[in-house]
Amino acid sequence: MPKLRMVGPQGNRLLGALEPSSRKRIDPHLEPVTLKLGAVVCDAGGLLKHAYFPEGSVLSLLTVLENGSAIETANIGREGAFGLFAAMYSRVSFNRCLVQLEGGMVRCPIELLQSEFKNSEHVRNLFVSYSETLLSQVQQTVACNALHSTEERMCRWLLMMHDRAEGEALPYTHEFLSEMLGANRKSVTMAAQALQTAGLISYRRGKIQIVDRAGLEKASCECYAIVKERFDAFLTPPSTAVQGDTGQRKR
């Protein structure tokens, strides 16, 4: 009998939420993956052969335009996975996915996850619940990018990354931040300087350290707290997350 991977505080929460029967089938096929910061996991329009489950790393989903510019619309840590849409509906990636924070990660063949999705109601509920939650992050990020200042957006982004990095310094240049936030480098530099002057962060040689976490949360827009609350709750999907008929869903 294959030995199950231990899923604790350092493991992937989505894998940890699977029923033991699914874990037994999936676990022998999980393959550790090591990728550097900025490495592209899959490009927009690319064919996905695996789903990726961070166990300390963070993946960034970017929407890419015809002129080559891109902006982050969501990021994925150990609470979720990249590639679940492929396991449910389509094997083509809608986004460019790259490594935003180095760390542990495992991948699983899409065919195996497609089989689990087809045969397990628990897996269907879990995957749909996560996908809806990820979509809510995308929607919140779109609103944030359109309506909030660069400084507020930077606070939101740094807080999300600080959660995943577990207090470690964040290895980001202003150029990288400008790409993630969809802002020009000058406005990002000015926002970072303002946060450092306020004593909320320290920035030196491409390393950002959160100095005043509570102050950074106050300086952020509401988007950080909204997204965090949704992800904290998603692992208990409602019984109506997936319906077998076309009747009206309960709300």
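In segment 40-87, how many are under 16 Å from L159 (Cα atoms) and of a type in the set (A, V, I, L, M)?
The number of residues fulfilling the criteria is 4.
Being in contact with a helix residue (DSSP H, G or I) (Cβ under 8 Å, 6 or more places away or on another chain) and surrounded by 21 or more Cβ atoms within 10 Å (Cβ to Cβ) is the filter here; which residues of segment 93-102 pass it?
Result: Q100, single match.
Here is a list of conditions, (1) touching a residue at least 60 places away in the same chain (Cβ under 8 Å); (2) more than 17 Å from M180 (Cα to Cα); (3) of a type outside the set (V, I, T), and G83 meets all of them except one; can you say which number that is?
(1)
Just need a number here: residues in segment 134-148 that are surrounded by fewer than 20 Cβ atoms within 10 Å (Cβ to Cβ) and not aliphatic (A, V, I, L, M).
Here the count works out to 4.
With respect to E175, is the statement that it is in contact with a helix residue (DSSP H, G or I) (Cβ under 7 Å, 6 or more places away or on another chain), surrounded by fewer than 18 Cβ atoms within 10 Å (Cβ to Cβ), part of a helix (DSSP H, G or I) and of a type in the set (D, E, K, R) true?
yes
How many residues are more than 19 Å from the chain's Cα centre (by Cα) and within 23 Å of E72 (Cβ to Cβ) when one looks only at segment 106-147?
Residues meeting the conditions: 2.
Among S90, S22, which is the only one that is in the same structural domain as S136 (by TED's automatic domain parsing) and either within 19 Å of T133 (Cβ to Cβ) or surrounded by fewer than 14 Cβ atoms within 10 Å (Cβ to Cβ) (or both)?
Going through S90, S22 in turn, the sole match is S90.
Could you grab me the full set of residues in segment 117-162 that are within 17 Å of G182 (Cα to Cα) and of a type in the set (F, W, Y)?
W157
If I go through segment 79-112 residue by residue, how many of them are among the aromatic types (F, W, Y) and under 20 Å from G56 (Cα atoms)?
Count: 1.
Check whether at least one residue in segment 32-40 is more than 16 Å from G104 (Cα to Cα), among the polar types (S, T, N, Q), in the same structural domain as C108 (by TED's automatic domain parsing) and part of a loop (DSSP other than H, G, I, E, B), and report yes or no.
No, segment 32-40 contains no residue that is more than 16 Å from G104 (Cα to Cα), among the polar types (S, T, N, Q), in the same structural domain as C108 (by TED's automatic domain parsing) and part of a loop (DSSP other than H, G, I, E, B).
If we keep just the residues of segment 157-171 that are out of contact with any helix residue (DSSP H, G or I) (no Cβ under 8 Å at 6 or more places or on another chain) and at pLDDT below 90, which is nearest to Q137 (Cα to Cα)?
R164
The values are calculated or read from the model by the stated rules, or taken from the named source; none is laboratory data. Just so it is clear, the model here is predicted, and its values are computed rather than measured. Every residue, glycine among them, receives a Cβ derived from its backbone with ideal geometry; neighbour counts consider all protein chains shown.
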